[in-house]
1. Given V156, G168, A194, which one lies farthest toward the positive end of the charge dipole of the chain, if we put +1 on the Cβ of every Lys and Arg and -1 on the Cβ of every Asp and Glu?
2. Check the straight Cα-Cα distances from K238 and name the aspartates and glutamates below 15 Å, setting aside those fewer than 8 residues away within the same chain.
3. Give me the accessible area of H15, 1.4 Å probe, in Å² rounded to the nearest 10.
4. List the residues whose amide H sits under 5 Å from the amide H of R150, counting only those 5 or more places along or on another chain, with H placed 1.01 Å from N in the peptide plane.
5. Could you give the angle, 0 to 90 degrees to the nearest 10, between helix 108-119's Cα long axis and the longest principal axis of the Cα atoms of the chain?
6. Given a cut-off of 21 Å, what percent of all Cα-Cα pairs of the range 26-173 lie beyond it?
7. Could you tell me what percent of the accessible area of the range 1-112 is made up of carbon and sulfur, with a 1.4 Å probe and every protein chain present?
8. In sequence order, what are the phi-derived ³J(HN,Hα) couplings for the range 68-74 according to the Karplus relation 6.51 cos²θ - 1.76 cosθ + 1.60 with θ = phi - 60°, rounded to whole Hz, with x for glycine and proline?
Amino acid sequence: MEWDDEGVILGVRAHGETGAVVEVLTRAHGRHLGLVHGGRSRKLRPVLQTGNHVDVSWKARLSENLGHFSLEMRKPFPALLMEDAAALTAISSLAELARLLPERDPHPNLYEVTLFVLGFLDDREVWPALYARWEMALLDELGMGLDLSRCAATGVTSDLIYVSPKSGRAVSAAAGEPYKDRLFPLPGFLRPGAKGDVSAADIVAGLDLTGHFLEVRVTRARGLEMPEARSRLRGYLKAAATRA
């Protein structure tokens, strides 16, 4: 069994004295693990960094085996961001949350969104909104997506400014007014077809929204905690909103 693909490294753990088990989100083969011989060597250590974009070759005797990876660098995203703690934390959070995907289950659309986010991490004005949209896309891929197309109470498609914390459905201003203290605000940039500027406060509101549903619908149901990197990322962006 063998295949060639491309992917983004999600994590690396030591195996034996010199090897490493590498976890990669690939375009066509989903979240996949493989053994890299000599993966802890000085030569390969720069390649095996979380967030790197790589070419991947996988070989195994049987499809259910762990198999072996050969990896070649395409783009070292983390190395380009060494002075930006928030962007590096975004890579860590993205990688941790991507591990929620089923192993070896292809998610080509999310893979494309992932590369898109990584490609803009050098633009602080752009990437926080892209990252929040990535979490929305992850919820969709996990079958836990939010319905923001129409009001859950009235069916109207305009003036949608809230989200129900229980149903994950949008609520209009009029229908939500009596219950607004119990609803999440829906930042405009997360609405379908949204355009225009995104404020720092909008970003935090978006992360609070996606974080709630990732925790309630996904991590808690699996007995997991939300990634610590994700909490740190929200802290960075909350601080930016406070300064704005």
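1. G168
2. Within reach: E125, D202, D208.
3. Accessible area, nearest 10 Å²: 90 Å².
4. For R150, the qualifying residues are A170.
5. Orientation of helix 108-119: about 90 degrees from the principal axis.
6. Working: 6020 of 10878 pairs.
Taking all Cα-Cα pairs of the range 26-173, the fraction more than 21 Å apart is 55 percent.
7. Ligands and nucleic acids excluded, carbon and sulfur reach 49 percent.
8. In residue order, the calculated couplings are 10, 9, 10, 10, 10, 5, 9 Hz.
The values are calculated or read from the model by the stated rules, or taken from the named source; none is laboratory data. Source: prediction; values computed, not measured. As a convention, Cβ positions derive from the backbone with ideal geometry for all residues, glycine included, and neighbour counts pool all protein chains shown. Protein only, heavy atoms only, side chains kept; ligands, DNA and RNA dropped before computing areas. Shrake-Rupley method; radii C 1.70, N 1.55, O 1.52, S 1.80 Å.
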